[in-house]
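Below is one structure, written out as structure tokens; the observations come after it.
The values are calculated or read from the model by the stated rules, or taken from the named source; none is laboratory data. These numbers come from a predicted model, not from an experiment. Note that we place each Cβ from the backbone using ideal geometry, even for glycine, and neighbour counts take in every protein chain shown. Surface accessibility is based on the protein's heavy atoms, side chains included, excluding ligands, DNA and RNA. Shrake-Rupley method; radii C 1.70, N 1.55, O 1.52, S 1.80 Å.
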Amino acid sequence: MNEISKKLSQFLLEKNVASGWSCVKDTIDQGYNSAFIYDFILRDAMYRIGEMWEENKISVAHEHLATGTCELILTKYHLEKLNDRLIEENPPSPRAMFFCVEGEEHDLGLKMASSLFEEYGWDVYDLGSNLPLDYAEYSLKKWQPDVICISVSIRHHLPKLKETMERLQNISPGTTFIVGSRLHAESAFRSCCPAETLIAKDTSFLFQWLEDYRKEAGIINKGVLL
């Protein structure tokens, strides 16, 4: 963990938005891209806070306060990137749908992922945390996204991930599915995802995938870059 993320974790716990944003702004000024900022600044700061909670160094109230502060900084960063977008948006944009599996409340990583897609000019539908599967099915049929990004963090939600993947792929077998999880290396997680599923272990994976998609968009069909 780098020193910037350590400083940021303390600012998050203090609900010091201005100093927290200064940490992120310093990283931007050094020329780092969104993937680095999401993975090695914001995510690592929250990982440190999670470890402090597990070690009983902070309370769950502190953890929730830090998460809310991190979301404020993430929103500010997202708006900054949209205002300064370098990638031109040429309608019609490819469409991506984001949600956490039913029961899953941890959606900070999902917000980072959806922000990155929007930065690249995608038409983003972020349905947030704990989305009932029936509503996921309804949304898939209504919006017909080219890509569906699903997030899960807690092991006991893996059966719901498996059910979600089976039902949605049955409805739209040609859609690209990307699943993000801190459990990405575990066999129990992998067994829930069909072979063609893209596993996003971090935002850097999505950054590279979006770069590849943008470069090859003229010679491939939408949503099938594997």
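Spin-label model, ASN2 to GLU105: label points 7 Å out along the Cα-to-beta-carbon direction sit 3.2 nm apart.
Element breakdown for the stretch 1-130 at a 1.4 angstrom probe: carbon and sulfur atoms account for 49% of the accessible area. Calculated [222 nm] ellipticity per residue, helices only, for the chain: -16000 deg cm²/dmol; basis is -39500 (n - 2.57) per DSSP H run with n ≥ 4, divided by all residues, nearest 500.
How about the stretch 183-217: which trypsin sites (Lys or Arg not before Pro) there are in a DSSP loop, with at most 15 other Cβ atoms within 10 Å of their Cβ? The qualifying sites are LYS201. For ALA200, nonlocal amide neighbours, meaning residues 5 or more places apart or on other chains whose placed amide H falls under 5 Å from its own, are VAL179, GLY180, SER181. With a ≥ b ≥ c taken as the square roots of the eigenvalues of the C-alpha gyration tensor of the chain, please select rounded if a/c is under 1.5 and otherwise prolate if a/b is larger than b/c or oblate if it is not? Oblate.
Considering all different alpha carbon pairs of the stretch 107-226, the Kirkwood hydrodynamic radius works out to 14.7 Å.
Taking all protein chains as shown and a probe of 1.4 angstrom, ILE154 keeps an accessible surface of around 40 Å². From most to least packed by mean Cβ count within 10 Å, the peptides 56-66, 97-107 give 97-107, 56-66. Counting heavy atoms of the protein chains alone, GLU163 has an accessible area of about 70 Å² for a 1.4 Å probe. For the stretch 1-84, what does the alpha-carbon gyration tensor say about shape, rounded, prolate or oblate, given a ≥ b ≥ c as the root eigenvalues, a/c under 1.5 as rounded, and a/b over b/c as prolate? Cα axes put the stretch 1-84 in the prolate bin.
Within the stretch 1-69, which chymotrypsin sites (Phe, Trp or Tyr not before Pro) sit in a loop by DSSP and count at most 14 neighbouring Cβ atoms inside 10 Å? Counting only loop positions with at most 14 other Cβ atoms within 10 Å, none of the chymotrypsin sites (Phe, Trp or Tyr not before Pro) in the stretch 1-69 qualifies. A 1.4 Å probe run over the chain, with the rest of the protein chains in place, finds 51 Å² accessible per residue. If you run the Gaussian network model on the chain, springs between alpha carbon atoms under 10 Å, then out of GLY68, GLY109, GLY31 the most flexible one is GLY31.
Shape class of the stretch 89-150 from the alpha-carbon gyration tensor: oblate, with a/c at 1.5 or above and b/c at least as large as a/b. Express the carbon and sulfur contribution to the solvent-accessible surface of the stretch 156-195 as a percent, rounded to the nearest whole number, probe 1.4 angstrom. Carbon and sulfur: 52 percent of the exposed surface of the stretch 156-195.
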